[in-house]
Amino acid sequence: MTIICASPSAVAKSCLPRRWHAAQGDHLTGTADGIAVLPRGSQGLPAGASVDVRLYRNPADLEHTIFAIGSHDMTLDLLAQYLAKCNRRLASANVGSQGGLVALRRGEAHLAGLTPA
C-alpha cells in the first residue's frame, strides 16, 4: 500500500521554472520534460545550484503536472489515469520512501509515495 503526502510548499511553486535547482543524487526517469544544461567539463553541481533548462514540453502543459517522488505502487498508475481525465498529468520518480520524504521537505515534489514498513 502507498501513502501519499501532499507538500503545500511545492503546490504553491510553479511546476518547472526556467531556472531549476540541482539536487544531489536525484534523477527522473521516463520521457523528459526538459534537460538541464551544465557547463562543459562539469562533474555535476552542488545541491541548490541554479541551472538553465531546455524545455521539451510547452510550459503551459507543465502547469498541469503533479510531481510524485518516492516509492512506486500501482495506486500511482490509477491516480495518473484519473488525473489524465481531469486534464492533469502525473510525473513520477521512483527513489524509495525516504527519497520521497526528502523531496517533500526540499519542496521538489507535490506528493511522496511511501511504503510502510
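A short reminder: the numbers here are calculations on the coordinates, not readings from a lab. No experiment lies behind these values; they were computed from the predicted model shown. Quick reminder, even Gly has a Cβ in these numbers, built from the backbone with ideal geometry, and neighbours come from all protein chains shown.
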statement: Selection over segment 36-62 where residues are of a type in the set (Lys, Arg) and in a loop (DSSP other than H, G, I, E, B) yields a count of 2
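Would you pick out the residues in segment 59-94 that are farther than 19 Å from Gly34 by Cβ and buried (at least 16 other Cβ atoms within 10 Å of the Cβ)? Step through it out loud before you land on a result.
From segment 59-94, those farther than 19 Å from Gly34 by Cβ are 70-87, 94; that's our starting set.
Within segment 59-94, Gly70, Ser71, His72, Asp73, Leu76, Leu79, Ala80, Asn94 qualify.
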